[in-house]
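**Student:** Submitted below is the structure of interest, expressed as structure tokens.
The values are calculated or read from the model by the stated rules, or taken from the named source; none is laboratory data. Bear in mind the structure is a predicted one, so any value in this text is a computation, not a measurement. Using ideal geometry, Cβ is built from the backbone for each residue, glycine included, and neighbour counts are taken over all protein chains shown.
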Amino acid sequence: MIVAIDGPAGAGKSTVAKLIAAKLRYVYLDTGALYRAVAWKALATGTDTTSPNAMKRLCESTQLTIRHAEDGGMVVEVDGRRLTSEIRAPEVTRAAAQVAAIAEVRSWLLPIQQGFGRRKDVAGIVAEGRDLGTRVFPEAPVKFFFKADLEERARRRHQELMTAGKVNASDLSETSRALDARDGQDQSRDVSPLRPAEDAEVIDTTSLTAEEVVEHMLSTIERKAAAHQ
Ligand code: DC
């Protein structure tokens, strides 16, 4: 069983995907972390994150490994180095949106994500990102597309950054601007732009709690899983 969740930043995808994975004993695939890991290596090696040729060479010389964390999350390793909070830094976030617009990077990451989805040793996977339902797992029996008002998404992202000690309270408008700019990039790029799959259920999470979203999704998943068998 593959559950695909797409949507813009701050719509609640990671929180909900982890809760669903824990409830159903599925594994969690955070595809944004893969783009972030590639962007992190590009910054660490001084590679031009806007150059398709340079990024292609970088990908081809990279060993990327996905591991499960004890807390149910996902950890990515680049060339044997375990990456955690460093891929959440603002400069990596900006660079990730740039490398995600490069077709060569997307095609290199595609089989890595699809290979994970074909695993036979797990009951199911919950994968989240921007093109899971449209490109990576078009055959997924259950697809969701989350959306939420910019104001609310910025508030959530700001709260996360504050909890992590990364911003202070006065930076909310900056967080909102950065989020809006990144969504614009994700929606307007030529390759796999952010958009709902035709068969995705769209959920507006603006005024819902994570638990409410999870409850609704679990009933959809149960129904689709029964029909799928
Ligand atoms: O979800 P996130 O913020 O960790 O994603 C980081 C960047 O990667 C963001 O700009 C969108 C991009 N991305 C993508 O293009 N396709 C995916 N499947 C996942 C993330």
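**Student:** Could you identify the single residue in ALA123, ALA101 that is closer than 30 Å to ARG177 by Cβ, out of contact with any His (no Cβ under 7 Å at 6 or more places or on another chain) and not in a helix (DSSP H, G or I)?
**Tutor:** On the way: ALA123 fails: closer than 30 Å to ARG177 by Cβ.
Only one candidate qualifies: ALA101.
**Student:** If the requirement is being part of a helix (DSSP H, G or I) and either surrounded by 19 or more Cβ atoms within 10 Å (Cβ to Cβ) or away from the ligand (no atom under 12 Å from the Cβ) (or both), which of these qualifies: ILE20, ILE66? Break it down into steps so the answer makes sense when it comes.
**Tutor:** Values: ILE66 fails: part of a helix (DSSP H, G or I).
Answer to the check: ILE20.
**Student:** Right, something else. All but one of (1) assigned to a helix (DSSP H, G or I); (2) within 22 Å of GLU60 (Cα to Cα); (3) within 12 Å of the ligand (Cβ to nearest atom) hold for PRO111; state the number of the condition that does not hold.
**Tutor:** Looking at each condition in turn, PRO111 falls short on (3).
**Student:** Considering segment 88-100 alone, what residues qualify as being at pLDDT below 95, within 15 Å of the chain's Cα centre (by Cα) and closer than 16 Å to LYS166 by Cβ?
**Tutor:** ARG88, THR93, ARG94
**Student:** Search segment 33-57 for residues being of a type in the set (D, E, K, R) and away from the ligand (no atom under 11 Å from the Cβ), and hand back the single one that is farthest from ASP186 (Cα to Cα).
**Tutor:** Initial filter on segment 33-57 (of a type in the set (D, E, K, R)): 36, 41, 48, 56-57.
Still in the running and away from the ligand (no atom under 11 Å from the Cβ): 41, 48, 56-57.
Numbers: LYS41: 20, ASP48: 19, LYS56: 20, ARG57: 23 Å.
Going through the qualifying residues, I end up with ARG57.
**Student:** Please go through segment 1-17 and give me each residue that is hydrophobic (A, V, I, L, M, F, W, C) and surrounded by fewer than 19 Cβ atoms within 10 Å (Cβ to Cβ), ordered by number.
**Tutor:** Within segment 1-17, the subset hydrophobic (A, V, I, L, M, F, W, C) is 1-5, 9, 11, 16-17.
MET1 - this is the single residue of segment 1-17 that is hydrophobic (A, V, I, L, M, F, W, C) and surrounded by fewer than 19 Cβ atoms within 10 Å (Cβ to Cβ).
**Student:** Scanning segment 186-207 for residues that are surrounded by 15 or more Cβ atoms within 10 Å (Cβ to Cβ) and small (Gly, Ala, Ser), which turns out nearest to LYS143 (Cα to Cα)?
**Tutor:** ALA200
**Student:** Residues GLU128, GLU198, GLU151: which one is touching a residue at least 12 places away in the same chain (Cβ under 8 Å) and either of a type in the set (A, V, I, L, M, F, W, C) or under 19 Å from ILE5 (Cα atoms) (or both)? Reasoning before the result, please.
**Tutor:** Details: GLU198 fails: touching a residue at least 12 places away in the same chain (Cβ under 8 Å); GLU151 fails: either of a type in the set (A, V, I, L, M, F, W, C) or under 19 Å from ILE5 (Cα atoms) (or both).
Within the list GLU128, GLU198, GLU151, the selection yields GLU128.
**Student:** Could you say whether any residue in segment 131-145 is touching a strand residue (DSSP E or B) at 6+ places or on another chain (Cβ under 9 Å), aromatic (Phe, Trp, Tyr), in a loop (DSSP other than H, G, I, E, B) and within 13 Å of the ligand (Cβ to nearest atom)?
**Tutor:** yes
**Student:** Which condition number does GLU128 fail, the rest of (1) acidic (Asp, Glu); (2) over 23 Å from ARG25 (Cα atoms); (3) touching an Asp or Glu at 6+ places or on another chain (Cβ under 9 Å); (4) buried (at least 16 other Cβ atoms within 10 Å of the Cβ) being met?
**Tutor:** Result: GLU128 passes all but (2).
**Student:** Related question: Evaluate the following for THR175: is it more than 16 Å from the chain's Cα centre (by Cα) and within 15 Å of the ligand (Cβ to nearest atom)? Give the steps one after another, and end with the answer.
**Tutor:** Working: more than 16 Å from the chain's Cα centre (by Cα): yes; within 15 Å of the ligand (Cβ to nearest atom): yes.
Judged against the criteria, THR175 is a match.
**Student:** Exactly one condition in (1) away from the ligand (no atom under 12 Å from the Cβ); (2) in a helix (DSSP H, G or I); (3) in contact with a helix residue (DSSP H, G or I) (Cβ under 8 Å, 6 or more places away or on another chain) is not met by GLN159; state its number.
**Tutor:** Looking at each condition in turn, GLN159 falls short on (3).
**Student:** Return the residue satisfying two criteria in turn: it lies in segment 69-78 and is in a loop (DSSP other than H, G, I, E, B) and within 16 Å of the ligand (Cβ to nearest atom), and of such residues it is modelled with the highest pLDDT.
**Tutor:** Kept after step one, since they are in a loop (DSSP other than H, G, I, E, B), are these residues of segment 69-78: 69-73.
If we keep only those that are within 16 Å of the ligand (Cβ to nearest atom) too, we end up with 69, 73.
Details: ALA69: 80, GLY73: 83.
For segment 69-78, the residue satisfying everything is GLY73.
**Student:** ASP190 is checked against (1) over 19 Å from GLU128 (Cα atoms); (2) within 16 Å of the ligand (Cβ to nearest atom); (3) outside any loop (DSSP other than H, G, I, E, B) and fails just one. What number does that condition carry?
**Tutor:** (3)
**Student:** Okay, moving on. Test VAL38 against the stated conditions and say whether it is assigned to a strand (DSSP E or B), under 14 Å from the mean Cα position of the chain (by Cα) and buried (at least 17 other Cβ atoms within 10 Å of the Cβ).
**Tutor:** Taking the combined requirement at face value, the residue does not satisfy it.
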